[in-house]
1. What is the sum of charges, Lys and Arg at +1 and Asp and Glu at -1, for the other residues whose Cβ falls under 14 Å from the Cβ of A:Q48?
2. Give the order of A:S7, B:S87 when sorted by the count of other beta carbons within 10 angstrom, beginning with the fewest.
3. Just to be sure I understand the curve: with the Debye formula and one point per C-alpha of the protein assembly as shown, what is log10 I(q)/I(0) at q = 0.08, 0.11, 0.18 Å⁻¹?
4. How many percent of DSSP beta bridges within chain A run antiparallel, rounded to 5?
Amino acid sequence: EAEVAQSPRYKITEKSQAVAFWCDPISGHATLYWYRQILGQGPELLVQFQDESVVDDSQLPKDRFSAERLKGVDSTLKIQPAELGDSAMYLCASSLRLVSYNEQFFGPGTRLTVL
Amino acid sequence: AQKITQTQPGMFVQEKEAVTLDCTYDTSDQSYGLFWYKQPSSGEMIFLIYQGSYDEQNATEGRYSLNFQKARKSANLVISASQLGDSAMYFCAMREQSAGGTSYGKLTFGQGTILTVHP
């Protein structure tokens, strides 16, 4: 069964360090999403790609976060420098197309702890 | 303004009984989609059920059904015959159509409801 892959599953870093997360969507899925989920809350969208183009990054803290999907397949989310408040679960999701009825399939997430 | 409201922080149910998880939403769009996801303690988000705003029938997927009341803007999840493995966090989410008519696909999630199934 096709799945969204994410790595690493867990990451512990110190504040001011750089961290990077990787996501490989389900093959053939054109749309890729990065969400951040703070403990006890629902996920919030950080950035959305359609193929290699950014569709929505209005909630991405651009002074420290960056995301890319160079070939329209896998994607990397980077934080530099990490802050204590960045501790959260980072979830990647993909969907077949950019239409409202397409379900989003989520990866297992990367749990980030910033010390 | 909060677009998705889940008023039940926690719910308890006896194994084999049915349980309803509440969800209300706010949108001015005519076209939108409503989703329910399950998140076990391991962290992955598992898609359960989808309801489109123009769907006249309530969605059903196995033991899951969605009680869609459009005029009340509610989309409650009903789990029948609860199982111990149903214990998890449940999120209601909405995807709206953009003003330009192209859905950007962004899901807006509620705060979630923790469901505990007792044996």
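Please treat every number below as a calculation from the coordinates, not as lab data. Worth saying up front: this structure is predicted, and the values here are computed from it rather than measured. Note that each Cβ is placed from the backbone with ideal geometry, even for glycine, and that neighbours are counted across all protein chains shown.
1. Net charge in that neighbourhood comes out at -2.
2. Lowest count first: A:S7, B:S87.
3. Log-scaled intensity ratios, in q order: -0.29, -0.56, -1.38.
4. 90 percent
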